[in-house]
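S.K.: Pasting a structure below so you can have a look.
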């Protein structure tokens with residue numbers, strides 16, 4: 001999808017959300033709330049992180065750019081100096097299961 005089309009689609013979603021919020025505030029629309037149970041991401045150790053990166057066939061620096069983290073962060077994960085946060089674990093899970101999502 002072209003950048004302009006993505007921006008138009010995003011704007012339409014934001015506008016629809018704002019219109020829903022206004023209608024709810026005015027009492028003309030009732031919004032529903034759903035609870036979603038999600039499993040926390042599985043923990044990953046240094047070897048797991050390195051394996052994900054290896055499957056993508058990229059350097060630590062390239063992997064860091066793909067994940068939008070610093071190269072030192074990737075180095076720390078792969079040397080067991082630090083553990084990935086829950087948010088990082090979720091992103092690493094996506095990288096592992098659906099790597100194409102990171103290159104779109």
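S.K.: For the chain, take the convex hull of the Cα atoms, compute a quarter of its surface area, and give me that in nm², please. Don't skip to the end; give the middle numbers.
M.R.: Working: hull surface 36.6 nm².
Over all viewing directions, the chain projects a mean Cα-hull area of 9.1 nm².
S.K.: Take 39, 78 and order them by how many other Cβ atoms sit within 10 Å, fewest up front.
M.R.: Least crowded to most crowded, the residues run 39, 78.
S.K.: Under the definition of Cα pairs under 8 Å and six or more residues apart, what whole-number percent is the relative contact order of the chain? Walk me through the numbers before you get to the answer.
M.R.: Working: 61 pairs, mean separation 23.6, N = 104.
Relative CO of the chain lands at 23 percent.
S.K.: Taking 8 Å as the Cα distance limit and 6 or more residues as the minimum spacing, I'd like the relative contact order of the stretch 46-102 as a percentage.
M.R.: It comes to 33 percent, rounded to a whole number.
S.K.: R0 = 30 Å: FRET efficiency of residue 94 with residue 28, Cβ-based, nearest 0.05?
M.R.: Computed FRET efficiency for residue 94 and residue 28 comes out at 0.20.
S.K.: Rounded, prolate or oblate: which fits the stretch 46-102 when a ≥ b ≥ c are the square roots of the eigenvalues of the alpha-carbon gyration tensor, with rounded for a/c under 1.5 and prolate only if a/b beats b/c?
M.R.: Cα axes put the stretch 46-102 in the rounded bin.
S.K.: I need the calculated FRET efficiency for the pair residue 65 and residue 11, taking r as the beta carbon distance and R₀ as 35 Å, to the nearest 0.05.
M.R.: My answer for the efficiency is 0.80.
S.K.: Under a point spin-label approximation (7 Å from Cα along Cα-to-Cβ), what is the residue 58-residue 3 distance to one decimal in nm?
M.R.: Using points 7 Å along Cα→Cβ, the separation is 2.0 nm.
All of the numbers you see were taken from the coordinates with simple rules; none came from a lab. Worth saying up front: this structure is predicted, and the values here are computed from it rather than measured. Ideal geometry is used to build each Cβ from the backbone, glycine not excepted, and the neighbour counts take in all protein chains shown.
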